[in-house]
Amino acid sequence: MMHFKGKIWKFNDNIDTDAIIAARYLNTSDPQVLASHLMEDIAPDFVKKIGAGDIIVAGENFGCGSSREHAPIAIKEAGIACVVAKSYARIFYRNSFNMGLPIFESKDLWDIVDNGAMIEVNGDEGCINILGGRTLPIEPIPPFMQELILDGGLMKHLAKKKKG
Amino acid sequence: MGMTITEKILCAHTDLKEVHPGMLINARVDIALGNDITAPIAIKEFKKAGGQRVFDKDKVVLIPDHFAPNKDISAAEQCKMMKEFAVEQKITHYYEVGECGIEHALLPEQGIVVPGDVVIGADSHTCTYGALGAFATGSGSTDLAAAMLSGEAWFKVPESMKIVFSGRLNHWVSGKDLILYLIGLIGVDGALYKALEFTGDTVKDLTMADRLTICNMAIEAGAKNGIFAPDDLTAQYIKSRAKRKYKFYQSDADAVYTKIIDIDVSKIEPQVSFPHLPSNTMGISRVGNVKIDQAVIGSCTNGRIEDLRAAAAVLKNRKVAPFVRLIIIPATPEIYRMAMKEGLFDIFLDAKAVISTPTCGPCLGGYMGILADGERCVSTTNRNFIGRMGHTGSEVYLASPVIAAASAVLGRIAGPDELPKIK
Ligand code: SF4
């Protein structure tokens, strides 16, 4: 189920939550409005260029800064299928699973892949396949977190568990 | 295999016999905390998921501190929503203006968090409570909503990193300087995902205020939590405050650490973090001539009575430099009253400082001291990101209360030793 194929968009190290969604848009929690401003300050027109199912590939410490959940919400709502970064800031990491956004860690992908390349992320088998190129191993997402994502996030997961 | 204090506390909140780094666990939480920015989103999520009653009205804590007393209409709406939820759910620990203070100063002071707790807070500086020997970490609003509903939170058990402080503290050096120094050393992601455990023989010389300050800024190194093992000082501190039973945990001798960093504190002088990252630190002797427009003494990092006393000792019989604003914000009403009774307010007012009601205020660029384009502020708060205290063209320099006080008097960033002697 954790299987994504898409075009990649590369970002550098330390992309903070302000870059992902600027503080001036925090007066709303409407996912569509948030998505329309994704990465606005560092990559204008990003939302216009991306297509559904595209993948963000980033460097170290992606999502550092505040605890705002608006960041993973905006990424997910914009149609990004998943994120593959070298590492994540930890509250962003939690928030992503809680929001149902799949994220993966790979120390090597960023360095060997070009912007715009097509990749296939196979979370079940734990590998990334660069189309026409190498295959890299990734840590598979632990079953509990897969469940969170498949249920559509933490609250939906809890609701489902409650119904039992 | 032995466990660290962080692993032991987490383990004790599950039905497992052992936990180890990397394991995903569901843990019972003793306190789930929200504030006027993050609680409203959590309340909406809670209702959306069909939540009727919070899991325990004594364990959900709601604190209006960021924009309260209400800064503007939208702040008022947020606070109103939180208050109505508190009334509806009969929340024990909701504090209205007048008894409310900055969350991370108020909760330890009032004994709402105790040693051995697992605490999650929809605020990144929840890690402050590690000073008491609790596991406390920041989360998002959805985590808070889920905890309010189920009384549990999921965690990936963090690896631990040990910081060993040894040697004697130099004059004017406090907990703030140690943590700024450490962040300068390891960087803003130096402890990413990890538990930062603070040990060493210097610890016995650190006050609870110092320890709270140190744990408060663990997040600025990317850490999941910061923690001190409880000792006699902790016992003394908690005895008269604790609202609940508590338990002291210690790391096993054979506990595993990914990294151990030894720091000889006798080599550390007062530190200043330059814009725009907390890791841009240098010793006060290397700062040079940095003129300031404002100084702020307050926040969950350094707004405690010890901080105000330290500032007052520097400000006594001195005056703030012309054209410089010194804003002093006691973090809680109890601190406010103590400062008043001890005569600190006279010292501050004589020095021409302004004293604010307890609030986060300028720390996050909220209100009560916002900076204009090009203005510089030396502040005892914890973040100096671009635009943190106002205009994106303004600058924040992080330091301890004595540095902030001395800087206010001299109109440039300076240590107390640079002040002219009072005759
Ligand atoms: S004082 Fe500053 S850092 Fe502390 S809780 Fe308030 S806004 Fe956050």
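Numbers at a glance
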quantity: Residue B:146 being among the hydrophobic types (A, V, I, L, M, F, W, C), within 14 Å of chain A (Cβ to nearest Cβ), more than 16 Å from the ligand (Cβ to nearest atom) and more than 18 Å from residue B:242 (Cα to Cα); calculated: yes
quantity: Single residue of A:102, A:44, A:72 found to be touching a Cys at 6+ places or on another chain (Cβ under 6 Å) and not basic (Lys, Arg); calculated: A:102
quantity: Pairs with Cβ under 9 Å, 6+ apart, first in region B:300-316 and away from chain A (no Cβ under 14 Å), second modelled with pLDDT under 95 and more than 16 Å from the ligand (Cβ to nearest atom); calculated: B:316/B:422
quantity: Any chance residue B:377 is closer than 30 Å to residue A:18 by Cβ and over 18 Å from the mean Cα position of the chain (by Cα); calculated: yes
quantity: Selection within region A:49-66 - within 14 Å of chain B (Cβ to nearest Cβ) and among the charged types (D, E, K, R); calculated: A:60
quantity: Residue within region B:369-382 that is assigned to a helix (DSSP H, G or I), within 15 Å of the ligand (Cβ to nearest atom) and either touching an Asp or Glu at 6+ places or on another chain (Cβ under 9 Å) or assigned by TED's automatic domain parsing to the domain that holds residue B:111 (or both) present; calculated: no
quantity: Which numbered condition residue B:121 misses (of (1) within 16 Å of the ligand (Cβ to nearest atom); (2) within 14 Å of another protein chain (Cβ to nearest Cβ); (3) over 20 Å from the mean Cα position of the chain (by Cα); (4) not polar (S, T, N, Q)); calculated: (3)
quantity: Total residues in region B:323-334, condition within 16 Å of the ligand (Cβ to nearest atom) and either in contact with a His (Cβ under 9 Å, 6 or more places away or on another chain) or not in a helix (DSSP H, G or I) (or both); calculated: 6
quantity: Yes/no for residue B:219 being β-branched (Val, Ile, Thr) and in contact with a Cys (Cβ under 6 Å, 6 or more places away or on another chain); calculated: yes
quantity: Residue satisfying all of: in region B:22-54; crowded, with 18+ Cβ neighbours inside 10 Å and assigned to a loop (DSSP other than H, G, I, E, B); nearest to the ligand (Cβ to nearest atom) among these; calculated: B:37
quantity: For residue B:340: the one exception among (1) out of contact with any Asp or Glu (no Cβ under 7 Å at 6 or more places or on another chain); (2) outside the structural domain of residue B:92 (by TED's automatic domain parsing); (3) crowded, with 22+ Cβ neighbours inside 10 Å; calculated: (3)
quantity: Subset of region B:187-245 [acidic (Asp, Glu) and either more than 11 Å from chain A (Cβ to nearest Cβ) or surrounded by fewer than 24 Cβ atoms within 10 Å (Cβ to Cβ) (or both)]; calculated: B:189, B:197, B:201, B:205, B:210, B:231, B:232
quantity: Those residues of region B:124-143 which are within 10 Å of chain A (Cβ to nearest Cβ) and either within 16 Å of the ligand (Cβ to nearest atom) or β-branched (Val, Ile, Thr) (or both), in sequence order; calculated: B:124, B:125, B:126, B:137, B:138, B:139, B:140, B:141, B:142
quantity: Residue list for region B:371-393, filter: away from chain A (no Cβ under 14 Å) and modelled with pLDDT under 95; calculated: B:393
quantity: Test: residue in region B:278-293 that is within 14 Å of chain A (Cβ to nearest Cβ), of a type in the set (Ser, Thr, Tyr) and away from the ligand (no atom under 16 Å from the Cβ); calculated: yes
quantity: Identity of the residue in region A:106-128, of a type in the set (Val, Ile, Thr) and surrounded by 15 or more Cβ atoms within 10 Å (Cβ to Cβ), that ends up farthest from residue A:144 (Cα to Cα); calculated: A:113
quantity: Verdict on residue A:107 being at the interface with another protein chain (Cβ under 10 Å from one of its Cβ atoms) and touching a Ser or Thr at 6+ places or on another chain (Cβ under 9 Å); calculated: no
quantity: Condition check for residue A:131: more than 10 Å from every other protein chain (Cβ to nearest Cβ), farther than 22 Å from residue A:31 by Cβ and buried (at least 22 other Cβ atoms within 10 Å of the Cβ); calculated: no
quantity: Any hit, region B:173-182, residues being assigned to a helix (DSSP H, G or I), over 19 Å from the mean Cα position of the chain (by Cα), crowded, with 24+ Cβ neighbours inside 10 Å and assigned by TED's automatic domain parsing to the domain that holds residue B:32; calculated: no
quantity: Residues of region B:389-400 classified as within 14 Å of the ligand (Cβ to nearest atom) and over 13 Å from residue B:274 (Cβ atoms), total; calculated: 2
quantity: Among residues of region B:45-59, those that are in contact (Cβ under 8 Å) with a residue 60 or more places away in the chain and either more than 14 Å from chain A (Cβ to nearest Cβ) or on the phi > 0 side of the Ramachandran plot (or both), counted; calculated: 2
quantity: Subset tally (residues that are more than 14 Å from chain A (Cβ to nearest Cβ), assigned to a loop (DSSP other than H, G, I, E, B) and away from the ligand (no atom under 16 Å from the Cβ)) for region B:60-111; calculated: 7
quantity: Condition check for residue B:202: closer than 25 Å to residue B:10 by Cβ, within 22 Å of the chain's Cα centre (by Cα) and either in a helix (DSSP H, G or I) or aliphatic (A, V, I, L, M) (or both); calculated: no
quantity: Subset of region B:383-418 [without any contact (Cβ under 8 Å) to a residue 24 or more places away in the chain, in a loop (DSSP other than H, G, I, E, B) and at negative phi]; calculated: B:391, B:392, B:393, B:394
quantity: Any pair with Cβ under 8 angstrom, 6 or more apart, that starts in region B:92-109 at a residue that is of a type in the set (Ser, Thr, Tyr) and ends at one that is part of a loop (DSSP other than H, G, I, E, B) and at pLDDT 95 or above; calculated: B:92/B:57; B:92/B:58; B:95/B:64; B:95/B:101
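Here's the yes/no breakdown for (1) under 30 Å from residue B:250 (Cα atoms); (2) of a type outside the set (Val, Ile, Thr); (3) more than 22 Å from the chain's Cα centre (by Cα); (4) at pLDDT 95 or above:
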residue: B:4; (1), (2), (3), (4): yes, no, yes, yes
residue: B:25; (1), (2), (3), (4): yes, no, yes, no
residue: B:36; (1), (2), (3), (4): no, yes, no, no
residue: B:39; (1), (2), (3), (4): no, yes, no, no
residue: B:64; (1), (2), (3), (4): no, yes, no, yes
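The values are calculated or read from the model by the stated rules, or taken from the named source; none is laboratory data. Small disclaimer: the values here were computed from a predicted structure and weren't measured. We place every Cβ from the backbone using ideal geometry, glycine too, and count neighbours over all the protein chains shown.
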